[in-house]
Amino acid sequence: MTTRTILAVLAHPDDESFGMGGTLAYYAQQGHDVYLVCATRGEAGMMDPEHLGDFTSVAEKREAELRCAAQTLGLKDVFLLDYRDSGMPGSEDNQHPNAQIKQPVEQVACDVVKYIRELKPDIVLTFDPIGGYRHPDHIHTQQATTLAFEKANDASFHPEAGLPFKPLALYYHVFPRWFLRVMTSIMPIFGMNPRKWGRNKDIDLKSLAEVHFPTHVKVNIRSVADIKRDAGACHASQGGIQIRQGLLGFITKVFGKHEDFMRAYPPINGKRKITKDLFEGIV
């Protein structure tokens, strides 16, 4: 087997586990080199005091959780860009001078392109254009990663970031809308409001279910479901294994045995059969 390299570019500690964790674990288990660039340390995430323990800050604790999860998933390495978590829309964290969304997209793209040129990934993974659930940092990361991918082979784009290199493909992680529709239809039965989801009740699942992105690849993660669960457990301060319990856990267990991706590059024109492998059709 030829060893390939995959680079995921995400925004916060836990994005790698609760989102595309199964895919990262699956390809790492297949013997490929899987890397992660994380834009922030998740400083704006809420944390109960008992989770802080001997750590001096939320950022320090969440970085430790990230590294625990990365080891569990089998990632080769993790790189942090040192921006600050911007928080959800309208929060005070949006205004912090080092907040990720306060930085020009091109600046963040320069940071990302450095790792693309250094690691030379065959495939780059990131969020969909609405950042999964419209988190500002997710959207900003998606825009910066897309720009970095487009410019990685352009010698005039931040030449100080390394020699030009062109990855083979760029994928966006997408949520199947039927899955969200199932969730939003069942939630009221259990007394939950699908327009006020999440720990802070600031995620509108109904509106997310109305946005459509095509699915080009469905990665079967059954063989690594336990690894993904254990990686999620590393993020105890963000819900850890509890996030996979209750209603969400039931729905995920029944329906969530795949992780879906939209191929942004090479572009796909017209209808295309959904494949099971990120590398199919590009190598």
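Numbers at a glance
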quantity: Count - residues of region 241-271 that are exposed (fewer than 13 other Cβ atoms within 10 Å of the Cβ), modelled with pLDDT of 90 or more and either among the basic types (Lys, Arg) or touching a strand residue (DSSP E or B) at 6+ places or on another chain (Cβ under 8 Å) (or both); calculated: 1
quantity: Qualifying residues in region 62-73 (those that are in contact with a helix residue (DSSP H, G or I) (Cβ under 7 Å, 6 or more places away or on another chain) and open to solvent by 40 Å² or more (accessible area, probe 1.4 Å)) - the one farthest from ALA11 (Cα to Cα); calculated: THR72
quantity: Selection from region 1-60 of residues that are over 18 Å from PHE261 (Cβ atoms) and of a type in the set (Ser, Thr, Tyr); calculated: THR2, THR3, THR40, THR56, SER57
quantity: Set SER185, SER207, SER237: member being open to solvent by less than 30 Å² (accessible area, probe 1.4 Å), modelled with pLDDT of 80 or more and more than 19 Å from the chain's Cα centre (by Cα); calculated: SER207
quantity: Residue check, ILE274 modelled with pLDDT under 85 and under 30 Å from GLU150 (Cβ atoms); calculated: no
quantity: Some residue of region 76-84 being of a type in the set (Val, Ile, Thr) and in contact with a strand residue (DSSP E or B) (Cβ under 6 Å, 6 or more places away or on another chain); calculated: yes
quantity: Top-ranked residue in region 98-147 [being within 22 Å of VAL217 (Cα to Cα) and assigned to a strand (DSSP E or B); ranked as most open to solvent (accessible area, probe 1.4 Å)]; calculated: PHE127
quantity: Region 214-230, subset of a type outside the set (S, T, N, Q) and assigned to a helix (DSSP H, G or I), residue most open to solvent (accessible area, probe 1.4 Å); calculated: ARG222
quantity: Candidates PHE175, PHE79 - the one that is out of contact with any Pro (no Cβ under 7 Å at 6 or more places or on another chain), over 29 Å from LEU205 (Cα atoms), open to solvent by 20 Å² or more (accessible area, probe 1.4 Å) and aromatic (Phe, Trp, Tyr); calculated: PHE79
quantity: Single residue of region 188-204 satisfying the filter (of a type outside the set (Val, Ile, Thr) and modelled with pLDDT of 80 or more) that is least open to solvent (accessible area, probe 1.4 Å); calculated: PRO194
quantity: Identity of the residue in region 1-42, among the hydrophobic types (A, V, I, L, M, F, W, C) and surrounded by fewer than 24 Cβ atoms within 10 Å (Cβ to Cβ), that ends up farthest from LYS228 (Cα to Cα); calculated: MET1
quantity: Positions within region 26-43 being within 19 Å of PHE127 (Cα to Cα) and either in contact with a strand residue (DSSP E or B) (Cβ under 9 Å, 6 or more places away or on another chain) or assigned to a helix (DSSP H, G or I) (or both), in sequence order; calculated: TYR26, TYR27, VAL34, TYR35, LEU36, VAL37, CYS38, ALA39, THR40, ARG41
quantity: Any hit, region 111-127, residues being at positive phi and not hydroxyl-bearing (Ser, Thr, Tyr); calculated: yes
quantity: Matching residues, region 98-149, being hydroxyl-bearing (Ser, Thr, Tyr) and touching a Ser or Thr at 6+ places or on another chain (Cβ under 8 Å); calculated: THR126, THR141, THR145, THR146
quantity: Filtered residue count, region 158-213, keeping only those that are in a loop (DSSP other than H, G, I, E, B) and closer than 30 Å to GLY281 by Cα; calculated: 13
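The values are calculated or read from the model by the stated rules, or taken from the named source; none is laboratory data. Remember, it's a predicted structure, so these values are computed and weren't measured experimentally. Glycine gets a Cβ as well: all are built from the backbone with ideal geometry, and neighbour counts include every protein chain shown. All accessible areas refer to the heavy atoms of the entire protein, side chains included, with ligands and DNA or RNA removed. Shrake-Rupley method; radii C 1.70, N 1.55, O 1.52, S 1.80 Å.
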